[in-house]
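Working notes, beginning with the structure itself.
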Amino acid sequence: MDFELNERQKMIATTARSMAGEFGPEYWRKKDEMGEFGSEFWEALSEVGFTGLVIPPEYGGAGSGTTELMIAMEELAAGGCGMAGAWYLILSEVFGGLTILRHGTEDQKRKYLPGIASGQLEFCMALTEPDAGSNTPNIRTIARRNGDYWIIDGDKTFISGADRAGGMLIVARTEPREKVLCRTSGLSLFLADLPDQSIQVNPISKHGINYSHTCSVNIDNLQLLAGALIPPEGGGWKCLLDTLNPERMSFTAAGIGIAKLAIHKAVEYGWSRKVFAGNPIGSYQGLQFPLAEAYAGLEAAKLLNLKAADLFDRGRDSAEVGAAGNMAKALMVENATKAVFWSMQVFGGYGYSREYDVERWWREINLVRLAPVTQQMTLSFIGEKVLGMPKSYVTS
Ligand SMILES: Cc1cc2nc3c(=O)[nH]c(=O)nc-3n(C[C@H](O)[C@H](O)[C@H](O)COP(=O)(O)OP(=O)(O)OC[C@H]3O[C@@H](n4cnc5c(N)ncnc54)[C@H](O)[C@@H]3O)c2cc1C
C-alpha cells in the first residue's frame with residue numbers, strides 16, 4: 001500500500017494550488033455577491049487542462065482519472081476557491097464528461113467530449129424532480145418514442161448551471177413507474193443540446209454558491225433524435241450510478257477543501273488575535289480541540305474518498321465504489337461542517353462579516369449535508385448496504 005502521490009499527481013496538486021492562489025477568496029467574494037459566473041477562472045481551468053482531466057487524449061483530454069480529479073478539486077478548494085474549486089468541474093466534467101465516457105456511444109463521445117475537454121461546452125444534469133426528491137426512481141419525466149424521435153415532457157428542479165450549459169443530461173422514464181416490476185427499471189439517460197425552446201429554465205434564489213445559478217427546468221414536448229439516448233434503453237439506473245458515485249466523491253473533495261481552507265484561516269487569525277493578557281486566542285483549547293478533531297476526521301475522509309476514486313478508476317462494481325464513497329461523504333459532512341462552524345467561532349464577530357469570507361464558506365458547507373444526497377440517505381445506505389441492516393423506509 002502506497003500513500004504517496006505519484007509525480008503526475010503531485011504536479012496536478014501543485015498546479016491546482018497555484019491556480020487557487022490567483023483566484024482566491026477575494027475573487028469569489030465578489031463573484032458570489034454579484035451572482036456572476038467566474039469566466040476568468042473557467043478559462044484558466046481549461047488552459048491548464050483541468051476541464052478535460054478525465055477525458056482520454058483521443059477526445060482532447062489529459063487522460064487522467066477521477067483520483068487526479070479529486071486531488072485537483074480538493075487543492076483548488078483548499079487553496080482559496082472554496083466550493084468554486086469543484087463546482088464547475090462537477091457540472092461539466094462529471095455530469096457530462098464521465099457519463100458520456102463510461103456509457104456514451106462512439107458518436108456521442110465524438111460529439112461532446114472534445115468540447116467538454118476544451119471548456120467550450122458546459123454541461124448540467126437534470127435529475128431531481130419536485131415530487132420525487134431523494135426517491136429518484138419515482139421521477140415522472142417521461143420519454144415516448146415517436147418514429148426517429150424521442151418526445152420528452154417533465155419538470156425538474158435544482159438544476160445547477162442549466163442557464164448557461166450547452167448540454168444537458170436528462171434522466172427520464174421510458175417506461176412509467178406503474179409498468180415496471182423493479183423500481184429502478186425503465187429509467188433512461190438522454191443528451192440534449194441547449195438552448196432549446198422546449199426547455200424553459202428559471203434560476204432559483206439560493207443561500208450560497210451564487211457564482212452559479214441553480215434552476216427549475218420545464219421540459220415541454222422536447223424532440224430528440226433516437227441517437228440522443230445513452231444505451232441501454234430502460235437500463236439507465238446502472239449507468240447513472242457511474243455519474244452519482246463520482247458526483248458524491250467530488251462533493252467530498254470539495255467539502256474537505258473548504259474545511260481545510262477555513263481551518264487554515266482560523267489558525268492564522270488565532271495567532272494574530274490577542275484578547276486577554278497577551279495570549280493569542282489560538283492558544284485556548286476550547287478553540288483548538290474542535291478544530292483538531294475536525295482536521296483528523298477530514299484526513300480520514302480524504303483517504304476513504306481516494307480509495308473510492310481508485311476503485312472507480314479500476315472499473316470496480318458501483319456497489320463497492322458506493323460503499324467507500326458514501327462512507328467518505330458521511331465522514332466529510334460531520335467533520336467539514338464542524339470545521340467551518342469552529343473556524344467562524346475563532347473569528348468571533350468578524351466571522352459574521354463578509355470581509356473575512358468564513359460566512360461564505362459556512363453557506364457553502366451547508367450544502368454538503370443536503371446535496372447531492374442528504375446525510376440521512378447516506379447513513380441509510382451505509383446501514384443497509386454496508387452493515388446489512390433492515391431497510392429503514394418503504395420505497396413504493
Ligand atoms: C444548491 C443545489 C444544487 C443542486 N444541483 C442539482 C443538479 O445540478 N442536478 C440535480 O438533478 N439535482 C440538484 N440538486 C438537488 C439535490 O440533489 C436534492 O436537493 C437532494 O437530493 C435532496 O432532495 P430533496 O431536496 O428533494 O429532499 P427530500 O428528498 O425531500 O428530503 C427532505 C428531508 O427528508 C429526509 N428524508 C427523506 N427520506 C428519508 C428517509 N427515507 N430516511 C430518513 N430521512 C429521509 C432527507 O434526508 C431530508 O433531510 C441540487 C440541490 C441544491 C440545494
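The values are calculated or read from the model by the stated rules, or taken from the named source; none is laboratory data. The structure presented is a predicted model; accordingly, all values stated were derived computationally and were not measured. Positions of Cβ are generated from backbone atoms using ideal geometry, with glycine treated the same way; all protein chains shown enter the neighbour counts.
Candidates GLU355, GLU334, GLU359, GLU320: the one that is charged (D, E, K, R), touching a helix residue (DSSP H, G or I) at 6+ places or on another chain (Cβ under 7 Å) and under 27 Å from HIS213 (Cβ atoms) is GLU359. Every test in (1) buried (at least 23 other Cβ atoms within 10 Å of the Cβ); (2) among the polar types (S, T, N, Q); (3) within 12 Å of the ligand (Cβ to nearest atom) is passed by SER343 save one, and that test is (3).
For segment 338-390, filtering for residues that are over 24 Å from the mean Cα position of the chain (by Cα) and of a type in the set (Ser, Thr, Tyr) leaves 4.
For segment 321-339, the condition of being surrounded by fewer than 17 Cβ atoms within 10 Å (Cβ to Cβ), in contact (Cβ under 8 Å) with a residue 60 or more places away in the chain and assigned to a helix (DSSP H, G or I) holds for none of the residues.
Rundown of residues vs (1) farther than 22 Å from GLY119 by Cα; (2) in contact (Cβ under 8 Å) with a residue 12 or more places away in the chain; (3) outside the structural domain of LEU298 (by TED's automatic domain parsing), yes/no style:
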{"position": "ILE159", "(1), (2), (3)": "no, yes, yes"}
{"position": "ALA162", "(1), (2), (3)": "no, yes, yes"}
{"position": "ILE170", "(1), (2), (3)": "no, yes, yes"}
{"position": "GLU175", "(1), (2), (3)": "yes, yes, yes"}
{"position": "SER185", "(1), (2), (3)": "yes, yes, yes"}
{"position": "LYS206", "(1), (2), (3)": "yes, no, yes"}
{"position": "ILE219", "(1), (2), (3)": "yes, yes, yes"}
{"position": "ILE258", "(1), (2), (3)": "yes, yes, no"}
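Check every one of the strands (runs of 3 or more DSSP E) wholly within segment 142-246 and list those with 1 or more residues that are within 17 Å of GLY97 (Cβ to Cβ). Fully inside segment 142-246 and qualifying: 149-160, 167-173, 187-193. For ALA132, are the conditions met, namely being within 19 Å of SER39 (Cα to Cα), at pLDDT 95 or above, of a type in the set (A, V, I, L, M, F, W, C) and assigned to a loop (DSSP other than H, G, I, E, B)? Judged against the criteria, ALA132 is not a match. Given the condition within 10 Å of the ligand (Cβ to nearest atom) and in contact with a strand residue (DSSP E or B) (Cβ under 8 Å, 6 or more places away or on another chain), answer yes or no: does some residue in segment 372-388 qualify? Among the residues of segment 372-388, not one is within 10 Å of the ligand (Cβ to nearest atom) and in contact with a strand residue (DSSP E or B) (Cβ under 8 Å, 6 or more places away or on another chain), which makes the answer no.
Residue-wise test of (1) under 20 Å from ILE256 (Cα atoms); (2) modelled with pLDDT under 95; (3) assigned by TED's automatic domain parsing to the domain that holds ILE258; (4) β-branched (Val, Ile, Thr).
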{"site": "ALA13", "(1), (2), (3), (4)": "yes, no, no, no"}
{"site": "GLY35", "(1), (2), (3), (4)": "no, no, no, no"}
{"site": "ALA44", "(1), (2), (3), (4)": "no, no, no, no"}
{"site": "THR51", "(1), (2), (3), (4)": "no, no, no, yes"}
{"site": "PRO57", "(1), (2), (3), (4)": "no, no, no, no"}
{"site": "GLY60", "(1), (2), (3), (4)": "no, no, no, no"}
{"site": "GLY79", "(1), (2), (3), (4)": "yes, no, no, no"}
{"site": "ALA84", "(1), (2), (3), (4)": "yes, no, no, no"}
{"site": "LEU98", "(1), (2), (3), (4)": "no, no, no, no"}
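Residues in segment 129-157 that are within 16 Å of the ligand (Cβ to nearest atom) and surrounded by fewer than 20 Cβ atoms within 10 Å (Cβ to Cβ): PRO130, ASP131, ALA132, GLY133, SER134, ASN135, THR136, PRO137, ASN138, ARG140, ASP155, THR157. Restricting attention to segment 99-112, the residues that are crowded, with 24+ Cβ neighbours inside 10 Å and either of a type in the set (A, V, I, L, M) or within 27 Å of ARG177 (Cβ to Cβ) (or both) add up to 2.
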